[in-house]
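Report on one structure; see the data block that follows.
The values are calculated or read from the model by the stated rules, or taken from the named source; none is laboratory data. Keep in mind that this is a model prediction, so the values were computed, not measured. Here the Cβ is made from the backbone with ideal geometry for all residues, glycine too, and neighbour counts use every protein chain on show. We work out accessible area using only protein heavy atoms, side chains counted, and drop any ligands, DNA or RNA first. Shrake-Rupley method; radii C 1.70, N 1.55, O 1.52, S 1.80 Å.
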Amino acid sequence: MRERRPRLDIRDLFGVGTVGLRTRPLRAVLSAIGVAIGIATLVTVTAVPASSQAALEERLTALGADLLRADPRSDADGDPVPLLAEAVGMLERIGTVTGAASVGNTHSPVRSNELRAYPESGITTLAVGGDLAGVVRAEMTSGRWLDGSDLPTAVLGIDAAERLGLSQLPDRPVTIDLGGVAFTVVGVLAETPLSADLQSAVLVEDAAARRWLGFDGVPTVAYVTGLEASIDALRPVIAATLSPGAAGLVQVSQPSAVLAAKEAARSSFDGLFLALAAVALVIGGIGIANTMFVSVLERRREIGLRRALGAHRGQIRAQFLVEAIVLCALGGASGVLLGLLGTAAWSGLQGWPLVIPVATVLSGMAAALGTGAVAGLAPSVRAARQSPTAALAAT
């Protein structure tokens, strides 16, 4: 009858496997530091960019990362393809569109204002349809935005205001001459970097342009904001909506041009940082393996005694493998904690939202356990191969 080998339960195996750590705590701590550094690096270089990315996305959304601009191209005769007059209403009915606006060139010259004579050049009079200020995130440096009425009121872009000597509006009403009609200036826009052409324009309500300037209602540029995840899918829909018969002659661009660059930068930097974290983790694993080999050499008499008392090779392998895994697990847990604390501190200093990728924390612990298993495999096999007599005879 085959003799059954004695088996160790999990509790006994854990107790035997941690003997070396409990008897040599300083060595255990120093060995775990290498793994802790690797895991802390892994957590930090994924959590910090995630927090930075969240802050960047908030800022880009505020600036207009979800903004699209549609411009008509010229047809075979060299004339720009006309956009639909009811463009704003049609665009707003698209499911993923969150806002729409348009501007149309009224071709009304700015002749002069009561403060300064001004030649007919350099400033365009644009009729505004929809919530242009909300769509392009325009802010006012002075005064107010247009109120939607058909009264002859106007808002100046920052560059146009400087040319007209109206960067800061005086306390009394000021008018400018648009095509022979006096329009009261009610506000001045701040810089609009995503819509630079608005900075050198005089903006009037669509209704006022139709009434006072003979505007035909045809927009020359349309602006659309949509859900950021659907921006690329919106492009052909917007073009077809604005010009059903000649969608190919409507150029839909993204003024911020940030999404592609953002994704490219994030992927390249994430890859670099993860590679550095992997190097740190490998170095930590090599340190653990070195420690385990030294431990096997120092504990040959212990191994021989356990073999003489009936422990088989599998139990010896398990003992040293458990020791390596526990050592890396302690280092991994410490590394995760250090990485989280470092991420929280840095995000707080930068004013970023704290983002902790749960998958990174779990993968960090898994990497630590895997490193321990790999690092302890060869030393545990070497320990199990020693004969009891040779081990007991070692000094």
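Residue 218 - would you say it is open to solvent by less than 40 Å² (accessible area, probe 1.4 Å), β-branched (Val, Ile, Thr), outside any helix (DSSP H, G or I) and at pLDDT 90 or above? Give the steps one after another, and end with the answer.
On the way: open to solvent by less than 40 Å² (accessible area, probe 1.4 Å): no; β-branched (Val, Ile, Thr): yes; outside any helix (DSSP H, G or I): yes; at pLDDT 90 or above: yes.
No.
So for the range 152-168 (the condition being at pLDDT below 90 and in contact with a Ser or Thr (Cβ under 7 Å, 6 or more places away or on another chain)), does at least one residue qualify? Yes, the conditions are met somewhere in the range 152-168.
Total residues in the range 136-169 satisfying the condition of being on the phi > 0 side of the Ramachandran plot and of a type in the set (Gly, Ala, Ser): the figure is 3.
A single member of 338, 281, 321, 297 is at pLDDT below 70 and surrounded by fewer than 24 Cβ atoms within 10 Å (Cβ to Cβ), and it is 297. Could you say whether any residue in the range 360-382 is at pLDDT 75 or above, of a type in the set (D, E, K, R) and within 49 Å of the chain's Cα centre (by Cα)? No: the range 360-382 contains no residue that is at pLDDT 75 or above, of a type in the set (D, E, K, R) and within 49 Å of the chain's Cα centre (by Cα). In a residue-by-residue description of the range 343-355, the property of being crowded, with 19+ Cβ neighbours inside 10 Å, at pLDDT 70 or above and under 26 Å from residue 11 (Cα atoms) applies to no position. When only residues in the range 1-33 that are among the aliphatic types (A, V, I, L, M) and at pLDDT 70 or above count, which is surrounded by the most Cβ atoms within 10 Å (Cβ to Cβ)? Going through the qualifying residues, I end up with 32. For residue 226, are the conditions met, namely being open to solvent by less than 50 Å² (accessible area, probe 1.4 Å), at negative phi, at pLDDT below 85 and small (Gly, Ala, Ser)? Judged against the criteria, residue 226 is not a match. Would you confirm whether any residue within the range 156-166 is buried (at least 20 other Cβ atoms within 10 Å of the Cβ) and closer than 18 Å to residue 101 by Cβ? Yes, the conditions are met somewhere in the range 156-166. Annotation note: of 335, 331, 376, the sole residue that is in contact with an Asp or Glu (Cβ under 9 Å, 6 or more places away or on another chain) and either assigned to a helix (DSSP H, G or I) or touching a residue at least 12 places away in the same chain (Cβ under 8 Å) (or both) is 376.
The residues of the range 229-247 that are in contact (Cβ under 8 Å) with a residue 12 or more places away in the chain, in a helix (DSSP H, G or I) and either open to solvent by less than 60 Å² (accessible area, probe 1.4 Å) or touching a Phe, Trp or Tyr at 6+ places or on another chain (Cβ under 9 Å) (or both), listed by number, are 230, 231, 234, 238, 239, 241, 242. Of the residues in the range 180-190, at least one is touching a helix residue (DSSP H, G or I) at 6+ places or on another chain (Cβ under 6 Å) and more than 25 Å from residue 66 (Cα to Cα).
Which one of 177, 206, 197 is buried (at least 20 other Cβ atoms within 10 Å of the Cβ) and within 15 Å of residue 125 (Cβ to Cβ)?
Values: 177 fails: buried (at least 20 other Cβ atoms within 10 Å of the Cβ); 197 fails: buried (at least 20 other Cβ atoms within 10 Å of the Cβ).
Answer to the selection: 206.
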